[in-house]
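The structure appears below as C-alpha cells.
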Amino acid sequence: MKKSILSLLIFLIATNAHIAAKIIEAPHFKNVLDHVANNTLVVLDIDETLLVPCQTLGTSEWFYTRKRQYESQGMNQACALDKALAEWEAIRHLTTVRIVEQGTDAIISNLQSKNIPVMGLTTQGLALATRTVEQLNSLNIDLLKTAPTKEDCYFINGHGVLFRKGILFTSGTQKGKALVKLLDTIQFRPGRIVFVNDRETHIKDVEGPVEERGIEFIGIRYGYFDKELTNYRHDVAELEWSMSSFDHLMQDAEAIELLNTESSS
C-alpha cells in the first residue's frame, strides 16, 4: 500500500513538473525555436512583437502615456482608457508599419513549412481585424497558413471576440480566457503552448488559464523592442499628434528636424 502511494506521489510530481509554466527572456525572435517541439501551438502577440508603426505616434508607449495624461486631467480610468484607445485605433488604421526584427517573417514561414500550428493573439478590437491582417501581409506574415482552424470564429468573452485569418482579437478582454475558449470551441488541444509577447503581464494573463487545462505553457518575454521603448521621446510623439492629418502622418525624422529648428531659433 505504501509503495502504491509513493508511486502515485512520484507520478504526480513528475506530471506537475512536466506542465509547470516557464517564462523566459528572449532578446531575439529566433530564440523561440528553442522551445518548439512536437504538438506545440505557437501563439504570437502582434504589436511590438511582430509589427510596429513607422513613427513614434501609435506605439504602445504613446498609448499608455496618452491614457495617463487623461487620468491626470481628472478622467476616471475607464473613460481615459476608452479615449486613448479610440485615438490609438485611429492611428493604427492610418499608419504604415515595419517589422519589429528583421528575419521574423522567415522564422514564422519556416515553422509553418514544418506544419507547426501558429496563430496570433491580440487585445485589439474587432474594428482593426481587417487592417491588421493587411499590415501583417505587407510584412510577408500570413498567420492563417497553419492556424488551428481556418474558419472565422466569434464568441463572447465579456465582450465579443473574433478569430479571423489566424488571429484572435480579444477586444480588450483577458487573452488567456479568450484563448482557451477558442481552443475549446474548435476542439483543438495542443500538448504545449509557446506564447510570445513583449509584455510579461500579458504572458501571465495567458499562463493561468492554459495551466488549468493541463497544457504545458512556455511564455517568451520578447525583448527586442525594449531599447526603442527606453528611447521614447514624448516631445516627438506630441508633435506628430498635433501636426499629422488623415493624408499624412508626420514621421520621426520630420518631427526631430522641426524640434531642433525651433530649439535653435
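The values are calculated or read from the model by the stated rules, or taken from the named source; none is laboratory data. The model shown is predicted, which means the values in this text are computed figures rather than measured ones. As a convention, Cβ positions derive from the backbone with ideal geometry for all residues, glycine included, and neighbour counts pool all protein chains shown. The protein model used for the area step is the full one, side chains on, heavy atoms only, and it has no ligands, DNA or RNA in it. Shrake-Rupley method; radii C 1.70, N 1.55, O 1.52, S 1.80 Å.
Quick notes on this one:
- Helices (runs of 4 or more DSSP H) completely within the range 152-265 that count 1 or more residues being charged (D, E, K, R) and touching a His at 6+ places or on another chain (Cβ under 9 Å): 175-186
- Number of the condition not met by TYR222 [criteria: (1) without any contact (Cβ under 8 Å) to a residue 60 or more places away in the chain; (2) surrounded by 21 or more Cβ atoms within 10 Å (Cβ to Cβ)]: (1)
- Taken as a whole, the condition of being open to solvent by 20 Å² or more (accessible area, probe 1.4 Å), touching a residue at least 60 places away in the same chain (Cβ under 8 Å) and more than 22 Å from ILE91 (Cα to Cα) applies to PRO148.
- When residues of the range 187-204 are limited to those that are crowded, with 19+ Cβ neighbours inside 10 Å and in contact with a strand residue (DSSP E or B) (Cβ under 6 Å, 6 or more places away or on another chain), the one nearest to TYR64 (Cα to Cα): ASP198
One line per residue, one yes/no per condition, for (1) under 30 Å from PRO190 (Cβ atoms); (2) under 18 Å from the mean Cα position of the chain (by Cα); (3) open to solvent by less than 70 Å² (accessible area, probe 1.4 Å):
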position	(1), (2), (3)
LEU41	yes, yes, yes
GLU61	no, yes, yes
THR65	no, no, yes
GLY74	no, no, yes
ALA90	no, no, yes
ARG98	no, yes, no
GLY103	yes, yes, yes
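- Counting only strands (runs of 3 or more DSSP E) that fall entirely inside the range 25-110 and contain at least 2 residues that are within 24 Å of THR230 (Cα to Cα), the qualifying elements are 51-53, 97-99.
- Output for the range 182-204, where each listed residue is under 12 Å from the mean Cα position of the chain (by Cα), over 22 Å from THR132 (Cα atoms) and touching a residue at least 24 places away in the same chain (Cβ under 8 Å): GLU200
- Condition met for GLU207 (surrounded by 18 or more Cβ atoms within 10 Å (Cβ to Cβ) and either out of contact with any helix residue (DSSP H, G or I) (no Cβ under 9 Å at 6 or more places or on another chain) or within 27 Å of GLN77 (Cβ to Cβ) (or both)): yes
- Residue match in the range 119-130 (condition: open to solvent by 40 Å² or more (accessible area, probe 1.4 Å), within 18 Å of the chain's Cα centre (by Cα) and not aliphatic (A, V, I, L, M)): yes
- Total residues in the range 154-181, condition in contact (Cβ under 8 Å) with a residue 60 or more places away in the chain and either touching a Ser or Thr at 6+ places or on another chain (Cβ under 7 Å) or surrounded by fewer than 23 Cβ atoms within 10 Å (Cβ to Cβ) (or both): 2
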